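The structure appears below as structure tokens.
The values are calculated or read from the model by the stated rules, or taken from the named source; none is laboratory data. Predicted, not measured: the structure shown is a model, and the values here were computed from it. Methodologically, a virtual Cβ is constructed for each residue, glycine included, from the backbone with ideal geometry; neighbour enumeration extends over all protein chains shown.
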Amino acid sequence: MVSVVIVEDEQRIRELVARVLAEKGYEVRGASTALDGLQTIVGFAPDLVILDMGLPDLDGAELLKMIRAVTSVPVIVATARSDERDVITTLEAGADDYLIKPFSVEQLVARVGAVLRRTAPAPSPGRVLSVGGLVVDPVSREASVDGRPLRLSPKEFDLLAYLAGRAGEVVTKREILAEVWREPYGGSEKTVDVHLSWLRRKLGESAADSRYLHTVFGVGVKLTEPPA
Ligand code: CA
């Protein structure tokens, strides 16, 4: 079971987040002070930490430094400070992502999932991905559809390999920018759209007549096996 520690002194927020994450299947521990938080993180060795920056005993940034001294656990910082410089300082101090308060629980759950995926160990290289007639080999960087080799640019290949690795899941353009373009906080979704349309053409399909690449309106894109 994936485990999460939330360090948050506001009981209402702590309990709400704990309840929502528990409903999603996470094992959650709460802590209301920085020192209790550090002890819980060291003792419990969670897969992810959600850290409030305004704690009664220590500043969250100080706690983040202490956490980073002992573990590389992914940390999502929750802060009421929306100043861009504060956010950059926080990320440079070793946070993996941040949430500006007040945040919705849906946003929190999405960020938790995204950070866990991003920080998960890479799938073992050499694993050839095959979805229907589509075959993607990340080692030789060759891809084919129904036995026909695809001539892809490096980015098109990376995009196809990423989507094939998550076949059946809806993937947001923001995730694609983070994972394929390595721009978790920047980049343009237009770039993704353009590469998706190039990829579609090479796969011999179009947005209107899709086989492998399906647009999920307002959410993202999904690669699936075409119906027989
Ligand atoms: Ca607080």
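From the list Asp97, Asp52, Asp83, the one residue that fits, being more than 15 Å from the ligand (Cβ to nearest atom) and closer than 18 Å to Val28 by Cβ, is Asp97. All of Ser140, Ser144 fail the test of being modelled with pLDDT of 95 or more, over 30 Å from Glu92 (Cβ atoms) and not assigned by TED's automatic domain parsing to the domain that holds Lys24, apart from Ser144.
Among the residues of segment 1-12, those identified as surrounded by fewer than 24 Cβ atoms within 10 Å (Cβ to Cβ), more than 9 Å from the ligand (Cβ to nearest atom) and not hydroxyl-bearing (Ser, Thr, Tyr) are Met1, Val2, Gln11, Arg12.
Does segment 203-214 contain any residue that is farther than 24 Å from Glu142 by Cα and assigned to a loop (DSSP other than H, G, I, E, B)? For segment 203-214, residues farther than 24 Å from Glu142 by Cα and assigned to a loop (DSSP other than H, G, I, E, B): present. Filtered by the rule that a residue be more than 16 Å from the ligand (Cβ to nearest atom) and in a loop (DSSP other than H, G, I, E, B), segment 25-36 gives Gly25, Tyr26.
Residue-by-condition table, conditions (1) in the same structural domain as Val109 (by TED's automatic domain parsing); (2) within 11 Å of the ligand (Cβ to nearest atom); (3) closer than 21 Å to Ala110 by Cβ; (4) among the acidic types (Asp, Glu):
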{"position": "Arg14", "(1), (2), (3), (4)": "yes, yes, yes, no"}
{"position": "Leu38", "(1), (2), (3), (4)": "yes, no, no, no"}
{"position": "Asp59", "(1), (2), (3), (4)": "yes, yes, no, yes"}
{"position": "Thr79", "(1), (2), (3), (4)": "yes, yes, yes, no"}
{"position": "Thr90", "(1), (2), (3), (4)": "yes, no, yes, no"}
